[in-house]
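Okay, so here's the structure we're looking at.
What follows draws every value from the coordinates through simple rules; no lab data is involved. These figures come from a predicted structure and were not determined experimentally. Note that each Cβ is placed from the backbone with ideal geometry, even for glycine, and that neighbours are counted across all protein chains shown.
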Amino acid sequence: MSSESDPEIDIMFGLKNVLTKIEAAVGRRNKDLPQVIPRLVAVSKIKPASLIIQAYEAGQRDFGENYVNELAEKASDPSILDKCKDIKWHFIGHLQTNKINKLLGSPGLFMVQTVDSEKLAENLNKQWLKYRKEEEKLKVMIQINTSNEEAKNGIHPSETTKLVEYVLKNCPNLDFQGLMTIGQYDYDVSKGPNPDFLTLSKCRQELCENLNLDINKVELSMGMSSDFEHAIELGATTVRVGSVIFGARPPKNK
Ligand SMILES: *Cc1c(COP(=O)(O)O)cnc(C)c1O
């Protein structure tokens with residue numbers, strides 16, 4: 001697919017292709033689930049501002065980054081500020097306390113999807129007062145470690161109600177939007193529905209019963225390039241897709 005000489009066509013093609021697949025997957029979604037049209041968050045990590053602008057000009061508005069420094073840098077990039085006035089940045093990485101101000105000061109920050117402790121919620125709630133415009137609340141999701149892997153961030157599924165309740169009761173500057181998971185990589189769908197996606201969906205079900213919330217208003221952010229269609233079939237309302245839009249990233253060495 002990729003050709004260095006004509007990246008513009010690739011991005012447009014990639015985006016269109018993903019949007020078409022999203023629509024088809026919505027048609028296959030279990031009818032008992034909330035029929036919310038999924039939001040595509042284009043994950044632009046490692047990719048340059050020029051490609052983000054191309055995607056924006058092709059109609060994409062929501063973008064995701066998983067490092068605070070990278071999000072802050074791109075959000076303040078003069079060409080992005082100039083050409084992408086309506087861009088919405090989603091933070092999807094692990095948030096350290098010492099980076100909160102940098103993140104919250106980033107122009108166009110739309111949502112923090114990775115709140116995973118009362119302490120972080122409390123800090124975001126306090127600091128947001130300095131940055132918010134027109135009393136707007138900061139949209140947040142709670143990250144759940146559905147695969148229970150030590151290397152992954154997020155709370156244990158059983159803590160969901162407690163943390164959401166904390167946000168609703170104690171964080172008036174935060175606007176709880178839903179639940180997010182990363183889950184195990186390379187799950188083989190031929191083995192059946194992805195257990196991470198089922199777990200996140202179950203967390204939402206129980207949360208809504210426990211706190212008497214409207215299930216149609218609690219998002220599920222799950223699914224990436226390899227499995228976003230499957231995630232939508234199982235109820236995703238936000239999918240985070242990077243490489244099939246922007247091209248493969250170099251493998252990370254841990
Ligand atoms: C990188 C990343 C994605 C997108 O991954 P792709 O496989 O490139 O689609 C989604 N979610 C998170 C949290 C990520 O860090």
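Under the simplified labelling scheme, the Leu213-Lys83 pair shows an inter-label distance of 3.7 nm, with each label point 7 Å from Cα along Cα→Cβ.
Looking at region 57-154, the GluC sites (Glu not before Pro) that sit in a DSSP loop and have at most 11 other Cβ atoms within 10 Å of their own Cβ are Glu134, Glu135, Glu136, Glu150. Along region 15-31 the Karplus relation, 6.51 cos²θ - 1.76 cosθ + 1.60 evaluated at θ = phi - 60°, assigns HN-Hα couplings of 5, 4, 4, 5, 5, 5, 5, 4, 4, 5, 5, 4, x, 9, 5, 3, 6 Hz to successive residues, with x for each Gly and Pro. For the chain, the C-alpha radius of gyration sits at 0.98 times the compact-globule guess of 2.2 N^0.38 Å, with N the residue count.
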